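The values are calculated or read from the model by the stated rules, or taken from the named source; none is laboratory data. What you see is a predicted model, and the numbers here were worked out from it, not measured in a lab. We place every Cβ from the backbone using ideal geometry, glycine too, and count neighbours over all the protein chains shown. All accessible areas refer to the heavy atoms of the entire protein, side chains included, with ligands and DNA or RNA removed. Shrake-Rupley method; radii C 1.70, N 1.55, O 1.52, S 1.80 Å.
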Amino acid sequence: MSNEKKRMTTASGAPVGDNQNSITAGNRGPTLIQDVHLLEKLAHFNRERVPERVVHAKGAGAHGYFEVTNDLSKYTKADFLSEVGKRTPMFIRFSTVAGELGSADTVRDPRGFAVKFYTEEGNYDLVGNNTPIFFIRDAIKFPDFIHTQKRNPKTHLKDKNAVWDFWSLSPESLHQITYLHGDRGIPATFRHMNGYGSHTFKWVNDKGEAFWVKYHFISEQGVKGLDEDVAGQIAGDNPDYHVEDLYNSIDKGDFPAWKLYVQIMPYEDAKTYRFDPFDVTKVWSQKDYPRIEVGRMVLDRNPENYFAEVEQAAFSPGNFVPGIEASPDKMLQGRLFGYSDAHRYRIGANHQELPINRPVNEVNNNQFDGQMRYSNGSGSVNYEPNSYDTEPKEDPASKISPFEVYGEADSVSYDSDDHYTQAGDLYRLMSADEKDRLIDAFVGHMKPVDKDEIKLRQIEHFYKADPEWGERIAKGLGLSVPEGVK
Ligand code: NDP
């Protein structure tokens, strides 16, 4: 290997003669337009940023591997899950949801938990959160919901009125906001939280039999939260606390790991389960469908370049592999569109060609051209059907498994409006100390709301989930549970 230093070049490869002094007419200037290195340097600098993600803007990523520890091939033909011991490279991105790229890590907010498995049959993306449920259950409400989490369009300030107005008018959010205001709402680090696929997905085996599944990544580091006061102080002292913790842990060889489990529901059970199992505001009780181990995920390598690998990482819940399919979950169905569309806007129609997003297997199709395309393949026939017996050929064995639909096409909600039982179960399983902290967190967050009408509407939801809970929040806010509710 040569010991020669690498020569600095322009983007077109020409050597740069002077990177400190621009070319000027005499040493008093003005600057000459013929200094193309200067022009390129300034112009490229202006274009260094891509639009930040509207949600999940702030995050950290890591490479690792997933190893199968339990043979579940009777439930799925997914190749990367086909045998015990099989290892698949993966990349994960953790994130907060509402804050901007430079916002503090230790805020009360769900955390994104997005995993890309580079399987031999294409990338499988499991784009989840650290909560097993979500605030809403129909994608049509998503832009409005996120507007309430972001800045007020007039004041440019975060707006507690908007937050509680929306939540109190969307009682399906109660379960998730309970999770969020409990001890898990501010994780101690990214390593100390579980990850959940949240939605229901479909697994299909090699006989074409289908099963419904939910994914749970359980942290081997344990689940730990941060006290709200401590979190607030860290947010001021070190807004990148979680990003730093993940990087440093991996850097010093302390590799975080998670066990992956699934709950498996037989296909027919979905028709008669006591609520709609596709409603993402509900969990499936583990008493009905216990967790079954699948494998272990280990994060053992930091990215070499944050922008290339983390900022440009493009996850989509629509990236499936044979043996894993979508469910009719209305929130998931919207996400199948929204994620890839966001990446097309942020980083372009060919974002899947970038090294971090590129599958390890060959990609063959008739999608051509577009900005930054460089792998159009060869040959002159880019259409189907054609008379030239060209490749690639579709693979009928990879068609999705059929599933029945019934009812009438209409804009309708899920059948059940019971938003209270599972939220109440979560409240009741908390220890007395955690309940105290939960009440304090709710009261603290609701106090700045200026309309009592909003607070009373939300108190009604707490009361319906558990009367003691409603009474305690009302007392904390200096209000009473409305008579009509009791
Ligand atoms: P289980 O007793 O079988 O499961 C309870 C689960 O609750 C545990 O597995 C644990 O999840 C989670 N949990 C424990 N403490 C807390 C806490 N302080 N904050 C948030 N989650 C906690 O009962 P069910 O399956 O019937 O569920 C009862 C309630 O538990 C649900 O209404 C739901 O709110 C909550 N829950 C259920 C989950 C599920 O998938 N069934 C997952 C998470 C919460 P973990 O092991 O993942 O840490």
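First select every other residue whose beta carbon is under 13 angstrom from the beta carbon of P448; then total the charges, Lys and Arg +1, Asp and Glu -1. That sum, taken over residues with Cβ under 13 Å, equals +1.
In terms of packing, defined here as the mean over residues of other Cβ atoms within 10 angstrom, the peptides 101-107, 183-189 line up highest first as 183-189, 101-107. Listed cross-link partners K214/K271; K154/K330; K58/K451; K6/K41; K150/K202 are compared with a 21 Å cut-off, the Cα-Cα value being larger for K154/K330; K58/K451; K150/K202. For the stretch 114-153, state which chymotrypsin sites (Phe, Trp or Tyr not before Pro) are in a DSSP loop and have at most 10 other beta carbons lying within 10 Å of their beta carbon. Hits after loop and neighbour filter: nothing returned. Computed from the Cα positions only, the extents of the chain along the three principal axes stand at 83, 66, 47 Å, in decreasing order. Here the chain is treated with +1 on each Lys and Arg Cβ and -1 on each Asp and Glu Cβ, and its dipole about the Cα centre works out to around 880 debye. Here K393 is the anchor, and the aspartates and glutamates within straight C-alpha reach of less than 17 Å, apart from those fewer than 8 places off in the same chain, are E121, E362, E384. Expressed as a whole percent, the accessible surface of the stretch 23-163 that belongs to carbon and sulfur atoms is 57, based on a 1.4 Å probe.
Annotation: per residue accessible area for the chain equals 53 Å², rounded to a whole number [probe 1.4 Å, protein chains only].
Looking at the stretch 392-486, the chymotrypsin sites (Phe, Trp or Tyr not before Pro) that sit in a DSSP loop and have at most 12 other Cβ atoms within 10 Å of their own Cβ are Y406.
Of the residues H461, H56, Y383, the one whose Cα sits farthest toward the positive end of the charge dipole of the chain, with +1 on the Cβ of Lys and Arg and -1 on the Cβ of Asp and Glu, is H56. Descending by average beta-carbon neighbour count within 10 Å, the peptides 19-32, 336-349 line up as 336-349, 19-32, the highest first.
For the stretch 50-203, the gyration tensor built on C-alpha atoms gives a prolate shape. Its axis ratio a/c (a ≥ b ≥ c) is at least 1.5, and a/b is the larger of a/b and b/c. Counting only aspartates and glutamates at least 8 places from K74 when in the same chain, those with an alpha carbon closer than 17 Å to its own are E83, D206, E209, E268, E293, E325. For the Cα atoms of the chain, what angle does the longest principal axis make with the long axis of helix 467-476, in degrees from 0 to 90, nearest 10? Approximately 70 degrees, to the nearest 10. Counting only alpha carbon atoms, the long axis of helix 432-446 and the longest principal axis of the chain meet at about 70°.
Test of understanding: given the chain, find the longest segment containing no GluC sites (Glu not before Pro) that are in a DSSP loop and have at most 11 other Cβ atoms within 10 Å. Counting at most 11 other Cβ atoms within 10 Å as exposed, the longest clean stretch of the chain is 84-303. For the pairs K77/K399; K141/K287; K5/K252, note any where the Cα-Cα span goes beyond 24 Å. The pairs that break the limit, which is 24 Å between Cα atoms, are K141/K287; K5/K252.
Axis of helix 160-169 versus longest Cα principal axis of the chain: the two differ by about 60°, to the nearest ten degrees. Determine the relative contact order of the chain: mean sequence separation of Cα pairs under 8 Å and six or more apart, normalised by residue count, in whole percent. Dividing the mean separation by the residue count of the chain yields 17 percent.
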